[in-house]
Amino acid sequence: MSNDDKRSGSRLDRRHLLQAGLAAAFAAPFGALGAAHAFAPRGFAPGVDFSEFPLCQTASNAPALTGAPRKLKLSWNAGAVCLAPVPVAIEHGFFQKHNLDVELVNYSGSTDQLLEAIATGKSDAGLGMALRWLKPLEQGFDVKIAAGTHGGCMRVLSRSDSGVAKLADLKGKIVAVGDLAGPDKNFFSIQLAKLGIDPIKDVDWRAYPGNLLNVAVEKGEVQAFLSSDPLAYLWLKDTQYKEVASNLDGEYREKSCCILGVRGSLVREEPQIARAITQALLDAAMFTAQNATIAAQSFQPYAPKAATLADIEGMVRYHTHHHHPVGDALKRELKAYADDLKSVQVFKPSTDTAKFAERIYVDVFAV
């Protein structure tokens, strides 16, 4: 076998491996409201000092929940490695600490369906991407954003030998996306607009199945593609790809891309419960930031088979789990994102973004 044949075979094996991992990661969540899976927490994990988490002190004046643990349903996408704090919260007792019995609902329907499920009580809370949720929230779903959870989910990739070296190089190029209305397309469109590039006229966006994005660039049909972890991270292990940009570049390094939404009626009728689930998830996020190896182990059952424990740990360390704004800081981030969406014609020019942010957020530590 020639060296070229060996290299070709290596790429094929790697691609098959990654695509098999993709199927394992994302087959289960498909459908509107996926099957609910309950996980039994192990209780407080040995060695976890809950006094480490300063946000616990924020809620320390609130009365502790008493009686039988309060049952709640939390919707999440089990294939999203950036949500590692969720299994951490289950496995290491963060929900139990707040007297909560949380059932995870593996969800990957449309955002409108998810928000409707939360608003109508089919789920009590959910986690998703701000740039996916904000437009549907204009419709008035009874869902309140209680916290940002982290940053760092989205990347622009290209071939290592391509002439695409920076975001501005996408001008005049064909770019593959998994969803023409997806948060990654919205995010990088915003960044292009800030560079003076019209993301509607100056870039040709084309939709491909998520597991074939890299194939599109290999075939020369596109010059770059957008993806999120874990796929983006795994593809970057192949030296034929390079990262062109991510949502941790520049000012966005200190902004959250994912958010926690809580049922509006839960906030109004049981504010202490809304506060407790928010607190538990933020504590788990901080624990994740401080204990990446342990968090990776908790998430490993949900990861693509192609991802090693070291891969998962690398992604956990890359994502900014230490950044989780609440209160006024959260409201400012939501307004900023709404302003950004106006700049790329996702929001109407007439939208009052300050009023919008005020309407959709809640400070659960002040209610």
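The values are calculated or read from the model by the stated rules, or taken from the named source; none is laboratory data. Everything numeric in this text was worked out from a predicted model, so none of it was measured. All Cβ positions, glycine included, derive from the backbone under ideal geometry; neighbour counts span all protein chains shown. Ligands, DNA and RNA are stripped out before the accessible areas are found, and what is left, the full protein with its side chains, is counted by its heavy atoms. Shrake-Rupley method; radii C 1.70, N 1.55, O 1.52, S 1.80 Å.
Of all residues in the range 306-335, those that are of a type in the set (D, E, K, R) have Cβ atoms under 7 Å from Cβ atoms of residues that are in a loop (DSSP other than H, G, I, E, B), 6 or more apart or on another chain, in GLU333/LYS255; GLU333/SER256; GLU333/PRO325.
Checking each residue in the range 241-277 for being touching a strand residue (DSSP E or B) at 6+ places or on another chain (Cβ under 8 Å), open to solvent by less than 30 Å² (accessible area, probe 1.4 Å) and in a loop (DSSP other than H, G, I, E, B) picks out ASN247, SER256, CYS257.
Contact map, the range 345-367: first residue touching a residue at least 60 places away in the same chain (Cβ under 8 Å) and part of a helix (DSSP H, G or I), second residue surrounded by 11 or more Cβ atoms within 10 Å (Cβ to Cβ) and among the aliphatic types (A, V, I, L, M), Cβ cut-off under 7 Å, separation 6 or more or different chains; pairs are PHE356/ALA338; ILE360/LEU137; ILE360/ILE145; ILE360/LEU334.
Taken residue by residue, the range 289-301 has no member that is farther than 12 Å from VAL316 by Cβ, over 16 Å from the mean Cα position of the chain (by Cα) and open to solvent by less than 10 Å² (accessible area, probe 1.4 Å).
The residue that is farthest from ILE197 (Cα to Cα), among those in the range 328-367 that are acidic (Asp, Glu) and surrounded by fewer than 19 Cβ atoms within 10 Å (Cβ to Cβ), is ASP363. Within the range 126-150, residues that are of a type in the set (Asp, Glu) sit with their Cβ atoms under 9 Å from residues that are in a loop (DSSP other than H, G, I, E, B), at 6+ positions apart or across chains, in these pairs: GLU138/PHE347; GLU138/LYS348; GLU138/THR351; ASP142/THR120. Restricting attention to the range 121-141, and to residues there that are in a loop (DSSP other than H, G, I, E, B) and under 16 Å from LYS73 (Cα atoms), which single residue is most open to solvent (accessible area, probe 1.4 Å)? Among those residues, the one meeting the criterion is LYS122. Those residues that are surrounded by fewer than 19 Cβ atoms within 10 Å (Cβ to Cβ), farther than 18 Å from ALA232 by Cα and of a type in the set (A, V, I, L, M, F, W, C), I need them from the range 155-196; list them, please. Listed by number, the residues that qualify are ALA168, ILE174, ALA181, ALA193, LEU195. One residue alone among LYS237, LYS219 is within 27 Å of HIS322 (Cβ to Cβ), open to solvent by 50 Å² or more (accessible area, probe 1.4 Å) and not β-branched (Val, Ile, Thr), and that residue is LYS237.
Results for (1) closer than 19 Å to PRO183 by Cα; (2) modelled with pLDDT under 95, shown as yes or no for each residue.
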| residue | (1), (2) |
| --- | --- |
| LEU114 | yes, yes |
| ALA125 | no, no |
| MET129 | yes, yes |
| ILE145 | yes, no |
| ARG155 | yes, no |
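Residues in the range 104-120 that are of a type in the set (Ser, Thr, Tyr) and either open to solvent by less than 20 Å² (accessible area, probe 1.4 Å) or under 16 Å from GLU138 (Cβ atoms) (or both): TYR107, SER110, THR111.
If the condition is being among the β-branched types (Val, Ile, Thr) and not in a strand (DSSP E or B), then the range 82-108 contributes VAL86, VAL88, ILE90.
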